[in-house]
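Here's the structure, in structure tokens; my notes come after.
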Amino acid sequence: MKSLKESAGISLNDTVRLKDSGSVGTVCAILDYGTHIAFFLDIGTWIKFPAKREWIELLEKANDNENN
């Protein structure tokens, strides 16, 4: 298992939306398990939600947040 800062155009601290539920959160971890990459999202629950790339859409890059 390897920790990543970016994968498939999504980086740590980017704001994303879960396509099925519409929940919005920030990417707090990206882990490469060798067989798949999981994006862990902070969506305001006690447990960080793991998601596949095809389950999420990018709303705002973290760098955009720092410039505002």
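The values are calculated or read from the model by the stated rules, or taken from the named source; none is laboratory data. What you are looking at is a predicted structure, and each value in this text was computed from that prediction instead of being measured. Here the Cβ positions follow ideal geometry from the backbone for every residue, glycine too, while neighbour counts run over all protein chains shown. Ligands, DNA and RNA are stripped out before the accessible areas are found, and what is left, the full protein with its side chains, is counted by its heavy atoms. Shrake-Rupley method; radii C 1.70, N 1.55, O 1.52, S 1.80 Å.
What is the percent carbon and sulfur in the accessible area of the chain, measuring with a 1.4 Å probe over the protein chains and ignoring ligands?
About 52 percent, which is the carbon plus sulfur part of the accessible surface.
For the chain, calculate the relative contact order in percent as a whole number, restricting contacts to Cα pairs under 8 Å that are 6 or more residues apart.
33
Provide the net charge surrounding Glu6, with neighbours chosen by a C-beta distance below 14 Å and charges set as Lys +1, Arg +1, Asp -1, Glu -1. List each step's numbers first, then the result.
Values: positive: Lys2, Lys5, Arg53, Lys61; negative: Asp14, Asp32.
Combined, the nearby Lys, Arg, Asp and Glu give +2.
In nm, to one decimal, how far is the modelled label at Thr45 from the one at Leu58, with both set 7 Å along Cα→Cβ?
2.5
Give me the 1.4 Å probe accessible area per residue for the chain, excluding ligands and nucleic acids, in Å².
67
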